[in-house]
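I have placed the structure first, in the form of structure tokens, so that the comments after it can refer back to it.
The values are calculated or read from the model by the stated rules, or taken from the named source; none is laboratory data. These numbers come from a predicted model, not from an experiment. Because the Cβ atoms are built from the backbone with ideal geometry, glycine has one as well, and the counts that use them run over all protein chains shown. Heads up: the accessible areas ignore ligands, DNA and RNA and are worked out on the full protein's heavy atoms, side chains in. Shrake-Rupley method; radii C 1.70, N 1.55, O 1.52, S 1.80 Å.
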Amino acid sequence: METEDVMMTSALTKDKGDHNEGLMERNEEASEQGDEKVVLVDGVYQKGPKMSNSDQQVSNGFTTTTTSGAQGSREGQGSGAGSGGTAPGLGHSASVPVGGFRTLVVQQTSLERPRETWSKKMDFLLSVIGYAVDLGNVWRFPYICYQNGGGAFLLPYLLMAVFGGVPLFYMELALGQFHRSGCISIWKHICPIFKGIGFAICIIALYIAFYYNTIMAWALYYLLSSFRPVLPWTTCTNSWNTANCYRYTWTDSNVTWSNSSTSPAQEFYTRHVLQVHRSDGLHHLGSVSWQLALCLLFIFTIVYFSIWKGVKTSGKVVWVTATFPYLVLLVLLIRGATLPGAWRGVVFYLKPDWQKLLSTTVWIDAAAQIFFSLGPGFGVLLAFASYNPFHNNCYKDALVTSSVNCLTSFISGFVIFTVLGYMAEMRQQDVDAVAKDAGPSLLFIIYAEAIANMPAATFFAIIFFLMIIMLGLDSTFAGLEGVITAILDEFPHLLAKRREWVVFGLVCICYLGALSTLTYGGAFVVKLFEEYATGPAVITVVLLEVIAVSWFYGTNRFCNDVYTMIGFYPGWFWRICWVAICPCFLLFIIISFLAFPPDVKLFHYHYPPWTTVLGYCIGVSSFICVPAYMVYYLLNAKGTFKQRLLKSITPVPSSEHHRDYIVTNAV
């Protein structure tokens, strides 16, 4: 009597793996429809009987199929030894020899709902591009580029992208795709004690939603104000204008622009839309602007109905919101290039100042810009990649989307600076005097004024502010999807079937949290959140994420995961970046933030010292989740301290994308 040989495998070879996935999908459909089931019999797929309650069960509750022995030689060896019969579990007659081998195949089926996937590959790519390409590409990159040496800035920018930004981008896509989890639950598969990173990411995402969508509300107000023959920010005869308002055009040769002069666009933005003159500062914000409150409510309504059903709906919406901005950028680039004085702006934008490269500030700005532009560490890339097919080539996706993002930033500089050159020509000033405003003011004052002085101003105003709204919507979709995926994956049995209510609750929280940014002093709150709530906290979180993956989970294990998915190992360049260069890259940014705290100023308001303390408290409030969870985990784990510590850094195998096959050859 030969002994029983038991073999267990958690994954077949890569070639067979693809067949097995199709087999499992076929069997899941069969089980629902009462159809025939396909089973693996000694390496050969065969049809089995219709699924019924009479299937044999093993002790763990999985259905079993008993089949004849090996085909060919094994069957031939026992062909004369006994009569043939119908092997249990087969839909056809098979000769089962006495004393021959029988193969028992046990297929483990998951009781959890199958994970949602993207309808098309382009849905995923456009969603990632839409997330990475946001308002910062349009206003922040051009400003930082000319401020830090023009064309010379491209050198540190590209170096920081190649050695810091893109490796982090690639790592997050690969992690999300392999473990198929959101930013909270994924940590039990990597390093359980770092689970607090996921909670910190969710809090940071909420802070961003509190202020980022308000900028879109401003843009919506501008858009609604653009549907009239004469744009309201072109004249100085409105109720909100002051005596310092001057409208300068080519025909007004008698008007001289001075440093005390204000344009109609500036007063429309500060005195009519924001109404900051009615607030004394952060200590007295004033009441909520009902016009902006309605605009923000409309923005969040669009957001809700775009993401409430998951990536199936948001993946369709991004076909408009991610592609329309590129069409508008092309139109504005062509229009800007034909304006008088455009060449002055382009020269100012790209003229290299190589001496600036000796300044540490340039390298700090380059590192921060590429990091916040690509956006690792916000949980979005993990969430989006988790809805990909397991064998999707995430390596190619990382290179394509990050390249598109960097190229968009570069092209946006031409769109902005051709218009700034035109404004400088019109005001008879230098370009640097015109381009002194950064951030939203660059779009809502300088660019809005330039559009107002163009022929067909109404048309260009409408498409420009539509572009601003759509650039922001993509990033909001992504940021909230990162939080939603994290929550649903962490509490699947409680919330998996209640996604619409989870999204509704999250949107309501974001709207209520944003009310402070809709007050008369709301612009000061937006600036405070922008400077302190996201920057240092998210960079510190990503530093811990890289350390957890590269040093605790292990680069070799991570590279094996990548190989399992895409069929080849990451090269030495990527390994060195993950282990050494990326941590140094992030540490460099963090130290620079601490060494050179920002001098926060908006319009004529200088932020008092107590606001700096408040800002750091907001930043720490998210990051504190990391050490807090570490203490919580160690206190609640069982065993000695050494056993608890060992358990806290031991990953739980991720098997959602695998099926376990137990094959038994018995006499």
Approximate spin-label separation residue 337-residue 606, in nm, with each point projected 7 Å along Cα-to-Cβ
4.5
With the cut-off at 20 Å, tell me which of the pairs 351/601; 120/188; 195/647 have Cα atoms farther apart than that.
351/601; 120/188
Give the accessible area for residue 575 in Å² (nearest 10); use a 1.4 Å probe, count only protein heavy atoms, and leave out ligands, DNA and RNA.
40
Output the relative contact order of segment 107-227, whole-number percent, from Cα pairs under 8 angstrom with separation of 6+ residues.
8
Gyration tensor (alpha-carbon) shape descriptor, segment 312-357, a/c threshold 1.5
oblate
I need the calculated FRET efficiency for the pair residue 244 and residue 291, taking r as the beta carbon distance and R₀ as 25 Å, to the nearest 0.05.
0.55
Rounded to the nearest 20 debye, dipole of segment 296-386 from Cβ charges on Lys, Arg, Asp, Glu
260
Could you sort 160, 565, 630, 122 by accessible area so the largest value comes first, with the probe set to 1.4 Å?
122, 630, 160, 565
Starting from the residue with the highest accessible area, list 391, 179 in decreasing order, probe 1.4 Å.
391, 179
Could you order the peptides 470-478, 635-643, 146-154, 336-344 from most to least packed, using the average number of other C-beta atoms within 10 Å per residue?
470-478, 146-154, 336-344, 635-643
Per the 1/(1 + (r/R0)^6) rule, R0 = 60 Å and r from the Cβ atoms of residue 646 and residue 320, FRET efficiency to 0.05 is 0.75
Semi-axes of the equivalent ellipsoid for segment 330-431, please: Cα gyration tensor eigenvalues, times 5, square-rooted, ordered largest first, whole Å.
35, 19, 10
In order over segment 288-301: 3J(HN,Hα) from phi, Karplus 6.51/-1.76/1.60, θ = phi - 60°, whole Hz, x for each Gly or Pro, gives 7, 6, 5, 5, 5, 4, 5, 4, 5, 4, 5, 4, 5, 5
Note: residue 155 to residue 591 extended length (0.36 nm per residue) minus current alpha-carbon separation gives 154.8 nm
